[in-house]
């Protein structure tokens, strides 16, 4: 049974509609942008910022909000880096819980350049693992080199739905382009599915995250077919686990397009 709260959100396109307006401008990521830093002081500060401050803050946030992570133990068996695909329904939780869920490995996040173009946080988020999407060919080469090096030891988190839809309980359709990374680097894939479950009608739901995997492409297929095969496995995992949501804090309603009822 699904309980509906009174607030309604209207949308027209599951793949492109922006539900949350952050009032922030993106930054052009060109060949001058540094994804990897050799400066020892930068890397020492980044280590301290993440392992001393960020992990403590995240731990308290998870415990205070009573967020439940289901099946996190399967990540203990995973040696080296891997890719994570997750739905995008909570601004703070989506940024925080992978730090807790990925155990002692520092996750890196593929994200919009908006995340590195803020006055103060824009300098900090790269130290915490932000990997803004490139805008030029040269930046794309640097981005790929950084991904290849990072994923040898660390998880890389991707939100394939791209846009944040707060408290959305289903999985929105997304393409298979981002699956070229695990195919190219031959790394396993896991899914983190955030669900929203009834705590008390009218109140914000309880967050429960389901960890699933590992998933691998069928290496007997061509690279393009491997990408599609992996996309299907990941999408199915997200959809199946999202069915554990049983509470709509916000009700999403698709707008009728003029002419649909003719």
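Kindly provide the set of residues from region 147-169 that are part of a helix (DSSP H, G or I) and over 14 Å from residue 83 (Cβ atoms), ordered by number.
Just the residues of region 147-169 that are part of a helix (DSSP H, G or I), to begin with: 147-150.
Passing the criteria: only 149.
Looking only at strands (runs of 3 or more DSSP E) that lie completely in region 66-112, which have at least 2 residues being on the phi < 0 side of the Ramachandran plot and in contact (Cβ under 8 Å) with a residue 60 or more places away in the chain?
Qualifying strands (runs of 3 or more DSSP E): 68-70, 82-86.
With (1) modelled with pLDDT under 95; (2) within 22 Å of residue 185 (Cα to Cα) as the list, and residue 109 as the residue in question, which single condition is left unmet?
Answer for residue 109: the failing condition is (1).
When region 113-124 is examined, which residues are found to be without any contact (Cβ under 8 Å) to a residue 12 or more places away in the chain and either within 18 Å of residue 30 (Cα to Cα) or touching a helix residue (DSSP H, G or I) at 6+ places or on another chain (Cβ under 8 Å) (or both)? Working first, answer last.
Here is the first cut: in region 113-124, the residues without any contact (Cβ under 8 Å) to a residue 12 or more places away in the chain are 119-121, 123.
If the condition is that a residue be without any contact (Cβ under 8 Å) to a residue 12 or more places away in the chain and either within 18 Å of residue 30 (Cα to Cα) or touching a helix residue (DSSP H, G or I) at 6+ places or on another chain (Cβ under 8 Å) (or both), then 121, 123 are the ones that fit.
Take the residues of region 250-259 that are in a loop (DSSP other than H, G, I, E, B) and touching a strand residue (DSSP E or B) at 6+ places or on another chain (Cβ under 6 Å): which is modelled with the highest pLDDT?
250
Go through (1) surrounded by 18 or more Cβ atoms within 10 Å (Cβ to Cβ); (2) closer than 24 Å to residue 54 by Cα; (3) in contact with a helix residue (DSSP H, G or I) (Cβ under 6 Å, 6 or more places away or on another chain) for residue 127 and report which single condition fails.
It is condition (1) that residue 127 fails.
Do you know which residues across region 175-202 are within 15 Å of residue 242 (Cα to Cα) and crowded, with 22+ Cβ neighbours inside 10 Å?
190, 191, 192, 193, 194, 195, 196
Every residue, every condition in (1) under 15 Å from residue 86 (Cα atoms); (2) buried (at least 17 other Cβ atoms within 10 Å of the Cβ); (3) touching a residue at least 60 places away in the same chain (Cβ under 8 Å); (4) touching a helix residue (DSSP H, G or I) at 6+ places or on another chain (Cβ under 9 Å), yes or no:
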residue	(1), (2), (3), (4)
216	no, no, no, yes
227	no, yes, no, yes
233	yes, yes, no, no
253	no, no, yes, no
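Quick one: residue 85 ticks every box in (1) at pLDDT below 95; (2) buried (at least 17 other Cβ atoms within 10 Å of the Cβ) except a single one, so which number is it?
Looking at each condition in turn, residue 85 falls short on (1).
Looking at (1) farther than 20 Å from residue 205 by Cβ; (2) surrounded by 13 or more Cβ atoms within 10 Å (Cβ to Cβ); (3) in contact with a strand residue (DSSP E or B) (Cβ under 7 Å, 6 or more places away or on another chain), which is the one condition that is false for residue 74?
(2)
For region 22-33, check the following and say yes or no: at least one residue is touching a residue at least 24 places away in the same chain (Cβ under 8 Å), closer than 25 Å to residue 208 by Cα and surrounded by 15 or more Cβ atoms within 10 Å (Cβ to Cβ).
Checked region 22-33: no residue is touching a residue at least 24 places away in the same chain (Cβ under 8 Å), closer than 25 Å to residue 208 by Cα and surrounded by 15 or more Cβ atoms within 10 Å (Cβ to Cβ).
Report yes if residue 160 is on the phi < 0 side of the Ramachandran plot and in contact with a helix residue (DSSP H, G or I) (Cβ under 6 Å, 6 or more places away or on another chain), otherwise no. Give the derivation first.
On the way: on the phi < 0 side of the Ramachandran plot: yes; in contact with a helix residue (DSSP H, G or I) (Cβ under 6 Å, 6 or more places away or on another chain): yes.
The answer is yes for residue 160.
Looking at region 183-193, can you tell me whether even one residue there is under 22 Å from residue 102 (Cα atoms), assigned to a loop (DSSP other than H, G, I, E, B) and without any contact (Cβ under 8 Å) to a residue 60 or more places away in the chain?
yes
The values are calculated or read from the model by the stated rules, or taken from the named source; none is laboratory data. Note that the coordinates shown come from a computational prediction; the quantities given were computed from them, not determined experimentally. Virtual Cβ from ideal backbone geometry, glycine too; neighbours counted across all protein chains shown.
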